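So the structure is just underneath, and the comments pick up after that.
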Amino acid sequence: MRDVLVSEHVIEAGYNLCGIGACLSLIKRNIAGKILIMLKNLEYRGYDSAGIAVITPENTLDLRKGVGKIDDLKNKLHFDQMVGFVGIGHTRWATHGGVTEENAHPHTDCDGRIVVVHNGIIENYLEIRKELETRGHKFRSDTDTEIVPHLIEEFIKRGNDFYEAFKNAVKKLKGAYALAVVSTYEPNKILFARVFSPLVIGLGTDEYYIASDIPAFLEWTNKVIILEDGDIGYVSQGGVLIENVFLNRRVHRDVTTIPWTKEMAKKGGFPHFMLKEIFEQPQSVSRTILMARKQIDRFLDYLEKAEEVYIVAAGTSYYASLHGQYAFAKYGLRSRAVVASEFIEEVGGFIGNKDLVIGVSQSGETADTLLALRYAKKKGAKVVAITNVIGSAITRISDYSIIMGAGPEIGVAATKTFTAQVAVLNYALIKWAEMHGYDMDDVKRVFLNNIGEKISNVLEKANSLAKKLSEWMVPKSNAYYLGRGLGLPIALEGALKMKEIAYIHAEGYPAGESKHGPIALIEKDFPVISIVLNDHLQEKMLIAIEEMKSRGAYIISVCEEGMKKIQEKSDFIFEIPSGFSNILAPLVYIIPLQLLAYYTAVKRGCDPDKPRNLAKSVTVE
Ligand code: AGP
């Protein structure tokens, strides 16, 4: 298996939007309904078509697929009438070939005996397809995926058994992919392979599940094997067999018990996952702090020994990291937050073996962040990860990982993972500052004892205000989010949320810089959202607000209660209880901004859970 082909830029495999859900019953129970539920649970990833294939008790293939929403397809194709003890399902987001029934997965070989679902992109599919066509294989779709069942068929014809044929087929693929395969040749097996596209195995009661993501099967099991890059194998009556194509040998993978419940992965009565996740923050932050207590000491050890500290991340995780930098700086702990995709060019030349690089990523699968961390490791730096996903790629390349307790985040826009990241960085800072003689009692009292309750209070007050203000925001095309000091990362994250889900051009800016250019755009009723902490920068924020207001801007302030001067100058106010104008600020100040983005998106007719062009884990460079 040594010669598996992986391109230099395997990460160019595309967004991981497609969803795989497969199931094998060990006691001859019908699994079609479960595959359907798994696909429903994966809907959040976005898709344009879907399909299910099962091997029937008579050992024939029943394959149904089509374009559109799962519920509509269920009515049309009667997925619920399918019967089989083993099967695979798929939600497709078109990459190769249009959105058609033929291109929807699963795909079969010529004889309809081998059936495949796939996530990722097979880069060399055209040359393989040509070769197979000259050997007489007939293709029905334009997809890259369809070469896989034909390749397996070809190797079976040459005398391989089902699994051998699969291994030989995988050896020929170049790119990144997650695959699940069943066949009438051996109807008691699901074969799988993962090369740079996530795939996990769930161990249920008399059942195995294979899926792109844990929430797919969370209602039946939380016992999970997280496959690693290069893993290939199968589940069968005999258990789970895993080999690794890069190591060229059989490998053992631990069974991890994921501390998530099925309720965590459902909408729980909210209209969207995003709103549910915003409202979960009192619990997710408290849980993260509890979990961090047990994990923080080793992190402190790394911090203590480091000559230079870099915090590397993308998107929302970068803004949490920037908060880390600003908060650390207040206590004399020098660090630098760096956008992952710029890391090598910006600071790569300075990284050495005495440095610590902290990688922050909710998914743990972001290509830019992984590449930066791999680079840092190569230069000898120590790497610590902060992530929400046990067993994700980032945990495997890091010297140490801190797992946050945010629970599954289904909405594409990060909300509760942002506050969880901030909570971990804050917790490390509090402990570090205490070790260095700072009195952290006041901050600690709120952070450790009643942060959940405080976030709840802000949620309750801000919810109706955000709903009201969103009506006014709906027709807007632009907005500025201004902040200074610890308020800046909050402003940047607030603007990103508005951009991502409501598609309003929103720019986060250091308030002091706004007079150096951005102010040129201000005209009557231009929305300016100002994040004002009750600290030494308050007066300077007031100046920026006045500059904007005098040119006609509509000022929306997120500020502490009792900040009279700011409130007088503002047209709309979100009040935050006092006691938060310090490193805890993002945990509460971000709440009104998340809610405002959410309600504005919904009122503009956008789906906040599945914003266009975005994916939950961005595995492209
Ligand atoms: C957040 O709302 C975005 N979807 C995006 O910016 C995200 O934060 C970024 O892609 C990084 O993801 P990660 O935390 O999984 O590494």
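A few comments on the model shown:
- MET264, MET498, ranked by accessible area, largest first (probe 1.4 Å): MET264, MET498
- FRET efficiency, ILE27 to ASP607 (Cβ-Cβ, R0 45 Å, nearest 0.05): 0.70
- On the beta carbon distance between ARG445 and ARG135, with R0 = 60 Å, the FRET formula returns roughly 0.25.
- Protection proxy ranking, peptides 512-524, 591-603, average beta carbon neighbours within 10 Å, highest first: 591-603, 512-524
- Per-residue ³J(HN,Hα) for segment 212-229, Karplus 6.51 cos²θ - 1.76 cosθ + 1.60, θ = phi - 60°, Hz, x for Gly and Pro: 6, 8, 4, x, 4, 10, 4, 6, 10, 7, 10, 9, 9, 10, 8, 6, 10, 4
- Atom-type composition of the exposed protein surface of the chain places 48 percent of the accessible area on carbon and sulfur (1.4 angstrom probe).
- Where segment 430-487 is the region considered: accessible area per residue in Å², 1.4 Å probe: 49
- Database remark: amide H of VAL312 closer than 5 angstrom to the amide H of VAL338, ILE358, GLY359, VAL360 (H placed geometrically; neighbours at sequence offset of 5 or more, or on other chains; Pro and chain starts carry no H).
- Net charge of the neighbourhood of PRO271, taken over other residues with C-beta under 14 Å away and scored Lys/Arg +1, Asp/Glu -1, is +3.
- Rounded to 0.05, the FRET efficiency of the LYS379 and ARG298 pair, given R0 = 22 Å and the Cβ-Cβ distance, is 0.55.
- Each of TRP432, TRP220 has its accessible area taken with a 1.4 Å probe; listed largest first, they run TRP220, TRP432.
- Counting only alpha carbon atoms, the long axis of helix 315-330 and the longest principal axis of the chain meet at about 40°.
- Only helices enter this figure: runs of n ≥ 4 DSSP H residues, each worth -39500 (n - 2.57), summed and divided by the residues of the chain, yield -10500 deg cm²/dmol at 222 nm to the nearest 500.
- Residues of type lysines that LYS34 reaches as a straight line, Cα spacing below 20 Å, ignoring anything fewer than 8 places off in the same chain: LYS65, LYS69, LYS74, LYS76, LYS189, LYS223, LYS262, LYS266, LYS267
- Longest to shortest principal axis, alpha-carbon extents of the chain, angstrom: 80, 52, 42
- Considering only the chain, percent of DSSP beta bridges that pair antiparallel, nearest 5: 60
- Here the relative contact order of segment 3-258, from alpha carbon pairs under 8 Å that lie six or more residues apart, stands at 21 percent.
- Electrostatic bookkeeping for LEU199 treats Lys and Arg as +1 and Asp and Glu as -1; over the other residues with beta carbon under 13 Å from its beta carbon, the sum is -3.
- When peptides 249-260, 339-350, 50-61 are sorted by average Cβ neighbour count within 10 Å, with the highest value leading, the order is 50-61, 339-350, 249-260.
The values are calculated or read from the model by the stated rules, or taken from the named source; none is laboratory data. Everything quoted here is computed from the prediction, not taken from an experiment. Cβ atoms come from the backbone with ideal geometry, glycine included; neighbour counts cover every protein chain shown. Accessible surface areas use protein heavy atoms only, side chains included; no ligands, DNA or RNA. Shrake-Rupley method; radii C 1.70, N 1.55, O 1.52, S 1.80 Å.
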